[in-house]
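> What follows is a single structure, and I will ask about it in a moment.
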Amino acid sequence: MGREIKRVPLDFKWPIDQLWKGYLNPYTSQECKACDRTGYNDATRKLNEDWYAFDNENYKPSPNGRRYNDNAWQYHLTQIEVVALVKNGRLKDLTHNWEPEKGWSKKEPEYIPTADEVNNWAINAPFGHDSINRFICVQARAEHQGVYGTCEFCGGEGEIWQSDEIKKLNELWESFDPPVGEGYQLWSTTTEGHPMTPVFSSAEELADYCGLNKVSVFGSSTMTKEEWLEQFQSELITHKDGNVLFI
Ligand SMILES: [Zn+2]
């Protein structure tokens, strides 16, 4: 993984190791440092961080044999957050029944779990709350406390754009591939994408080059030219997609 052969024109010119210009969106923003990219005001951001309380740990064993941070308020929801979660269709483990043939079906009559039930579930469930639940609960608690709001610098986006025009151009921008041709060239896809070798007229010549120059397969590992060729040929047969062969 992380390598592909592209079929490009034999006279294709682009510097080795240089990101292909067609893969870089030139209209960019910068991260908002004021809110650490969360888009929240200070009080809401504090709630967002305290959801996990990684900087204030107090681990306790949970009945399922694992442990949880008792200072994280994700394990101490109140009915305010529970209602918000149910309203957003979350907590299906508690509000729905699951049957293999029918899938999820809502409990009749509608069931709103207690905060205790939800907190016990969060401590014991294999996965517990996900990032969507976190988002919903942070907003519910912040609104209840009357502190909810977005960052005054980025307006809640978590990033700062030079202008609305630049942001619009970013959204409208589309990447484009290098031209298609008869040549063979090895590209890295670990980055946005860049060539790793010159262009050759056959897969054999490219394999020769990769073997001789100890071209990286991943990190510092490399392959012999026979191994490269074997890889190229099997990919030529199995994974052809446009002008790209995936390795
Ligand atoms: Zn911000």
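The numbers here are math on the coordinates, done by the rules we state, and not lab data. Since the model is a prediction, treat every value here as computed from it, not as a measurement. As a convention, Cβ positions derive from the backbone with ideal geometry for all residues, glycine included, and neighbour counts pool all protein chains shown.
> Sorted from largest down, what three extents in whole angstroms do the Cα atoms of the chain have along their principal axes?
The Cα atoms of the chain stretch 69, 49, 37 Å along the principal axes, largest first.
> Okay, moving on. ³J(HN,Hα) across the stretch 90-104 via Karplus (A = 6.51, B = -1.76, C = 1.60, θ = phi - 60°), whole Hz, x for Gly/Pro?
Taking θ as phi minus 60°, the curve returns 8, 6, 4, 3, 9, 9, 10, 9, 10, 10, x, 7, 9, x, 7 Hz for the stretch 90-104.
> While we're here: Local charge sum around GLY183 (other residues, Cβ-Cβ under 9 Å, Lys/Arg +1, Asp/Glu -1)?
0
> If you don't mind, another one. May I ask you to sort LYS167, LYS87 by Cβ crowding, counting other Cβ atoms within 10 Å and putting the fewest first?
LYS87, LYS167
> What length, rounded to one decimal in nm, is gained on full extension from GLU110 through to GLU204, with 0.36 nm per residue of separation minus their alpha-carbon distance?
27.2 nm
> For the chain, with a Gaussian network of springs between Cα atoms less than 10 Å apart, report the residue from PRO100, PRO178, PRO198 with the top mean-square fluctuation.
PRO100
> Using Cα positions and a limit of under 25 Å, work out the lysines in reach of LYS33, with same-chain residues fewer than 8 apart set aside.
Hits, sequence-local ones excluded: LYS46, LYS167, LYS168.
> Given N residues in the stretch 1-117, what is Rg(Cα) / (2.2 N^0.38 Å)?
1.81
> Expressed as an acute angle from 0 to 90° and rounded to the nearest 10, what is the orientation of the C-alpha long axis of helix 115-124 relative to the principal long axis of the chain?
With rounding to tens, the tilt is 40 degrees.
> Please compute the net charge surrounding LYS107, taking Lys and Arg as +1 and Asp and Glu as -1 over other residues with Cβ under 15 Å from its Cβ.
It works out to a net charge of -1.
> On a 0 to 90° scale, report how tilted helix 131-145 is relative to the longest principal axis of the chain, with both axes built from alpha carbons and the result rounded to the nearest 10.
40 degrees
> Sticking with this structure for a sec: Quote the relative contact order of the chain in percent (integer), defining contacts as alpha-carbon pairs under 8 Å separated by 6+ residues.
For the chain, the relative contact order is 36 percent.
> Angle, helix 203-212 long axis vs. longest principal axis of the chain, Cα atoms, 0 to 90°, nearest 10?
That works out to roughly 80 degrees.
> Another question, then. Under 17 Å from a label point 7 Å along Cα→Cβ of ASN213: give me every residue in the stretch 14-58 with its amide N that close.
14-20
> Using r as the Cβ-Cβ distance of GLU230 and ALA125, and R0 as 41 Å, what FRET efficiency do you calculate, to the nearest 0.05?
The computed FRET efficiency comes out at 0.35.
> If the cut-off is 19 Å between C-alpha atoms, which aspartates and glutamates fall inside it for LYS13, apart from same-chain ones fewer than 8 positions away?
Within the straight-line cut-off, LYS13 pairs with GLU4, ASP177, GLU182, GLU192, GLU205.
> Using the basic label-point model (7 angstrom from Cα toward the beta carbon), what is the GLU165 to ARG134 distance in nanometres?
3.8 nm
> Evaluate E = 1/(1 + (r/R0)^6) for GLU31 and GLU152, where r is the Cβ-Cβ distance and R0 equals 22 Å; express this FRET efficiency to the nearest 0.05.
With a Förster radius of 22 Å, E is 0.90.
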